[in-house]
Each structure stands twice: as structure tokens, then as C-alpha cells.
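What follows is one structure encoded as C-alpha cells, with my remarks underneath.
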Amino acid sequence: MKKQWNWKRNWPLHLMLLPAAIVLAVFQYAPLGGLVMAFQDFKPWLGIRGSPWVGWMHFRDLFTFQESVQVIWNTLIISSLKMVFHLIVPFVFALLLNEVRKLLFKRTVQTIVYLPHFLSWVILGGIFIDVLSMDGGIVNRALEAVGLQPIFFLGDGDWFRFTIVATDVWKDFGFATIIFLAALAGINPSLYEAALIDGANRWQQTLSITVPSLVPIAIVVGTLSLGSILNAGFDQIFNLYNPLVYGKGDIIDTYVYRTALLSGSFSLGTAVGLFKSVISFVLIVVAYRLAYVFAGYRIF
């Protein structure tokens, strides 16, 4: 028999959800009406209703302008590198940390590597600009001390990509390790005991038990990250980039910011943002399907 919902008893629960529902409606759903600007030659003084319609023109421009095409490639390259290293580094670090037997040392290391995740890129951006500076930065001073030439980390396009990926992994790999440590905690200890009886050493136990046990969760993490392949990290790049690296460091989000808000090309900026959102939605659906096929993971 189907239970009847008791509104008199459960109305406080709905009341608790009301503020969150209002925020979601105002800041997430209401702005969706502005997506029509992607199909208009939007003029602020004419408004959405008065601006002329241009159809798919801005989307054609998106794939015609060399600048916008380069921005898409930059986003794919940077986000792909981040995805790969955000999977490999936490995976390896969790394996290494799992071998530590000194509990105090293990907890101390965990705390230290978790901390950067809770710092904003506004703070870290200022720190890295000073640390990687050509003029007295500690990294370039160290390079000069060993007889190497200083490197323009934030002014050379290739080095900028390396810097973006390396600093992002440094910031978040400790927090991402939590997932793999949780998977390690779920491994049946009797498997290690049986392997020990069979004469397997720690390296053999790691290869035969630990790594295969982590592969399913690694597949889930890797496939689900496909949904954010067009999110290369606006906060990070916005705080570190400059006109010298636009050619290889400019991504979709920073391009939309400069195009729409600084240059006033609201329609083109909206078209770029809509293109990114649609592709991201498709990739999220594909990623969840892949996670279910290869690792049996599903939300509903």
C-alpha cells in the first residue's frame, strides 16, 4: 500500500529546503533566460527584447575566428593534462602513504598535503607570482645557484602550461588522495594474510592486491572527470596569466570573461559559454555511462 505524504508533519522539512530552492532558482535557473543573447546581436541599450536576432552567426564565428579555436584547444590540452596527473599523482601517493607504518608521521603528512586545497587561488596566485618571478623569485634563484638559466614560468607559453598543471596538482592532490585511501581501507586484510603465507613480499602484495583493488575506483574517478574536460580552472589561470601567454594559456572561461565583460561582446561570450555547457552536459552523460560499463558505478 502506497504511503500518503503527511504534509502536516513534514512541512518543517520543506521549509528548511525553501532558502536553498530560492537561491537555486535565482542564481541558477533565472539566468538561463539570458542564453537567448547567443542568438542575438545583443545591445545593452536595446535589451533582450529589442536586440536583433542573428541565428547561429556567433556559433559560426566561434569556429571561424582563429583566436576562439585556439582557446578551445588550449582548454582541452590544459584540462586533459590536469585530468591525467590528478589521477596518477593521488593514486601513487595513496600507495606510498599506505606503506607508512608510523601512524603519527602518516597523519602529519596527510594534514600537510591536505592544507593547500583549502587556500584560494587569489592567495596562491600572489604567492606563486613571487616565487616564480624572474626578478628575485626563489625558484629562479635556486636555478641560478646551480648554474642554470632562469625560466620565465609565467611569461613563456609552454612553461606556463607546465606551471598551471604542476601548481594545480600540488594544490589538490592531497585532497584527491582521500578517495584512494578510503578504497584502501576497504580492502579485506585476509587477502594480505593469505599472500603473506604464500611468501609474497610487500612489493608483490602491492602489485597483486592493492593496485587491482584500486583500479575500479581509478576508473570511476577518471571517467567522471571527463565531464569537466572543458573546465581548465578559471580561478587559477585568471590569477596567474597575462597577455604574454594568451596564445597558449587562454581558456574558454577567461576568453568569455574578456570577450563578454571587458570587450562588451556579450552575444559572442554567451555563445561560447553555451557551447561549453552543452558539450560538458554530453560528456557528463557519457562519463556516467562509461563508469557504469567499466566499474559498475551508478548514482540512480
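Quick notes on this one:
- Of all the residues in the range 182-191, those that are surrounded by 13 or more Cβ atoms within 10 Å (Cβ to Cβ) and not in a helix (DSSP H, G or I) number 1.
- Residues of the range 195-215 that turn out to be of a type in the set (A, V, I, L, M, F, W, C), more than 26 Å from the chain's Cα centre (by Cα) and open to solvent by less than 50 Å² (accessible area, probe 1.4 Å), as a count: 3
- Filter pass, Thr177 being among the polar types (S, T, N, Q), open to solvent by less than 20 Å² (accessible area, probe 1.4 Å) and more than 20 Å from Ala218 (Cα to Cα): no
- Residues (open to solvent by 60 Å² or more (accessible area, probe 1.4 Å) and closer than 27 Å to Ile48 by Cα) located in the range 235-265: Tyr257, Leu261, Leu262, Ser263
- Filtering Phe118, Phe152, Phe160 for residues that are under 19 Å from Gly247 (Cα atoms) and free of Cβ contacts under 8 Å to residues at least 60 places away in the same chain leaves a single hit, Phe152.
- When the criteria are applied in full, Ala194 meets the requirement of being free of Cβ contacts under 8 Å to residues at least 12 places away in the same chain and either in a helix (DSSP H, G or I) or among the β-branched types (Val, Ile, Thr) (or both).
- When Gln149 is tested against the conditions (1) outside any helix (DSSP H, G or I); (2) under 20 Å from Gly233 (Cα atoms); (3) open to solvent by 30 Å² or more (accessible area, probe 1.4 Å), the lone failure is (2).
- Residues that are over 22 Å from Leu124 (Cα atoms) and either aromatic (Phe, Trp, Tyr) or under 17 Å from the mean Cα position of the chain (by Cα) (or both), drawn from the range 229-254: Ile229, Leu230
- When Tyr297, Tyr292, Tyr288 are checked against the criterion of being surrounded by 18 or more Cβ atoms within 10 Å (Cβ to Cβ) and either at pLDDT below 85 or at positive phi (or both), a single residue qualifies: Tyr288.
- Gly227 farther than 18 Å from Thr167 by Cα and in a helix (DSSP H, G or I): yes
The values are calculated or read from the model by the stated rules, or taken from the named source; none is laboratory data. All values derive from a computational prediction rather than experimental measurement. In this analysis, Cβ positions are derived from the backbone assuming ideal geometry, glycine residues included, and neighbour counts consider all displayed protein chains. Surface areas here come from the heavy atoms of the whole protein model, side chains and all, with no ligands, DNA or RNA. Shrake-Rupley method; radii C 1.70, N 1.55, O 1.52, S 1.80 Å.
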